[in-house]
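> Could you have a look at this structure, given as structure tokens, before my questions?
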Amino acid sequence: MAFVAGVASAQAAPEYTLVIRDHLFDPAELVIPSDTRVKLVVHNQDATPEEFESYELNREKVILGGRKATIYIGPLSPGTYPFFGEFNPRTAQGKVIVE
Amino acid sequence: MLALNGFACGVLADGLAIDKVYHPYVDPLAWELEWRVTHADYNPASDIDREEVHRFGLAKAVAPELMLEGYLIAERSANQDLKIEGYELEALWQLTEQGEKSLDYGLLFELEKERGQNAWEGAASLLLERELGRYSVTANIELGYEWGEDIRDEWETGLALQARYRYRMILEPMLEFYLGEDTVGLGPAAQGNIRLGGMKSLHWQTAVVVGVDGTTPDYTLRGLLEYEF
């Protein structure tokens with residue numbers, strides 16, 4: 001899985017990686033800590049653009065084909081926050097699980 | 001975006017100061033087709049009754065963090081039929097990634113000209129937004145200047161505040177406050193998004209802003225429809 005969790009530094013937001021490949025998110029489930037702002041690096045390995053979208057996370061971000069984008073999310077309360085790819089909503093789906 | 005006449009978003013020179021609150025974000029791929037309208041009760045400051053301002057805009061990002069929008073502005077009132085009164089160009093510049101810092105920042109630049117007159121208005125606004133759980137608070141702080149042979153040269157300032165609760169995508173209750181030249185208004189508002197499929201969506205807003213001093217219209221209604229494609 002392309003889930004590379006890790007804390008970049010003691011003060012920086014914990015960083016996670018999400019890959020878009022074949023119009024799917026990998027991993028489809030991302031577990032992050034509660035009450036913590038995290039940095040999500042989304043790498044779109046497809047040739048076409050995708051839009052990470054989540055009303056629950058209050059985020060919309062376009063990632064061009066073959067490019068990376070950074071999305072900051074949180075701090076969040078424990079729960080499940082779905083997201084999807086607006087350009088391929090039937091396949092590109094996932095959720096952030098806050099514990 | 002904020003034009004001001006006092007300050008708050010988009011307004012013909014010395015017209016209504018209540019218009020719209022801008023957010024410091026740019027969608028880099030979408031086109032936006034916008035119509036918005038304000039309808040004010042009798043305005044003691046301008047002596048205009050039932051002034052209505054319509055804006056028809058088309059927006060497109062020209063860079064990942066920069067969006068341009070052009071407007072045609074039409075007005076009517078109790079004594080005037082609807083007619084094109086001006087033109088406006090706006091540039092919205094997203095300065096920070098959403099959620100990256102404690103505040104999200106953006107800048108808005110506006111240039112407006114009244115049709116058939118030598119009357120210009122330029123403005124720059126600082127856009128600030130803070131997310132607090134399911135709430136978001138937005139501030140627009142504007143500094144503008146009006147000039148030309150057909151208008152009094154003057155500096156103007158303005159402030160617009162909006163608090164929003166993300167209840168449902170199709171319905172988000174809000175509270176708005178506007179402060180500008182001859183304007184102090186406060187009132188409830190709401191907005192929502194309707195997904196239309198195929199990367200198309202419809203965004204709507206509505207508000208009732210009540211004047212809280214003697215120079216602001218007793219009420220100003222505002223509405224917005226924005227088709228994104």
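> Using only atoms on other chains, find how many Cβ atoms lie within 10 Å of each Cβ of peptide B:95-102 and report the average.
Average neighbour count from other chains, rounded to a whole number: 5.
> How many nm separate the modelled label positions at B:D49 and B:K101, each set 7 Å beyond the Cα in the direction of the Cβ?
4.9 nm
> Shifting gears a bit: Say the dipole of region A:6-98 comes from +1 at the beta carbon of Lys and Arg and -1 at that of Asp and Glu; which of A:H23, A:G74, A:F84 then lies farthest toward its positive end?
Result: A:G74.
> Mind checking which of B:G122, B:N140, B:G198 is farthest towards the positive end of region B:112-202's charge dipole, using Cβ charges of +1 (Lys, Arg) and -1 (Asp, Glu) about the Cα centre?
Value: B:G198.
> While we're on this one: So what's the convex hull volume per residue for the Cα atoms of region A:6-98, in Å³?
Each residue corresponds to 79 Å³ of Cα convex hull volume.
> In addition: Determine, for B:W35, B:W155, the number of other Cβ atoms within 10 Å of each Cβ, and report the residues in order from fewest to most.
Least to most surrounded, the residues fall as B:W155, B:W35.
> Looking at region B:98-171, which GluC sites (Glu not before Pro) are DSSP coil and have at most 13 other C-beta atoms within 10 Å of their C-beta?
B:E149
> Also, I was wondering about something else. What is the distance, in nm, between label points placed 7 Å from the Cα along the Cα-to-Cβ direction at B:A91 and at B:D218?
4.4 nm
> To continue, here is another question. Which whole-number percent gives the relative contact order of region A:6-98, counting Cα pairs below 8 Å spaced six or more residues apart?
30 percent
> Oh, and also: What whole-number distance in Å separates the alpha-carbon centres of region A:20-63 and region B:122-165?
Distance between centres, Cα-based: 32 Å.
> Taking the Cα centre of region B:31-228 as the origin, how large is its charge dipole in debye, to the nearest 20, when only Lys and Arg (+1) and Asp and Glu (-1) carry charge on their Cβ atoms?
Computed charge dipole of region B:31-228: roughly 1180 debye.
> A further question on this structure: For the peptides B:201-214, B:176-189, B:77-90, what is the packing order when you average, over each peptide's residues, the other Cβ atoms within 10 Å and list the highest mean first?
Ranking the peptides B:201-214, B:176-189, B:77-90 by packing returns B:176-189, B:201-214, B:77-90.
> Taking a temperature of 10 °C and a viscosity of 1.306 mPa s, what whole-number D in µm²/s does Stokes-Einstein yield for the protein assembly as shown with Rh from Kirkwood over alpha carbon pairs?
Estimated via Stokes-Einstein, D reaches 76 µm²/s.
> Please list, in order along region B:116-125, the HN-Hα scalar couplings obtained from phi with the Karplus expression 6.51 cos²θ - 1.76 cosθ + 1.60 (θ = phi - 60°), rounded to whole Hz, x for Gly and Pro.
x, 9, 8, 9, 10, 8, x, 8, 10, 10
> Another question, then. In the protein assembly as shown, what % of DSSP beta bridges are antiparallel (nearest 5)?
95 percent
> A follow-up question, please. If I model a spin label at B:A124 and A:S34 as a point 7 Å from the Cα along the Cα→Cβ vector, what separation in nanometres do I get?
Placing both labels 7 Å beyond Cα along the Cβ direction yields 4.5 nm.
> Something else now. Relative contact order of region B:31-228: what whole-number percent is it, with Cα pairs under 8 angstrom and at least 6 residues apart?
Across region B:31-228, relative contact order equals 16 percent.
> Could I ask something else about it? Could you list the trypsin sites (Lys or Arg not before Pro) in region B:100-176 that lie in coil according to DSSP, counting only those with at most 11 other Cβ atoms within 10 Å of their Cβ?
Qualifying residues, ordered by number: B:R152.
None of the figures in this text is laboratory data; all of them are computed from the coordinates on show. On a predicted model such as this, the values are computed, not experimentally measured, just so you know. Backbone-built Cβ (ideal geometry, glycine too); neighbour counts: all protein chains shown.
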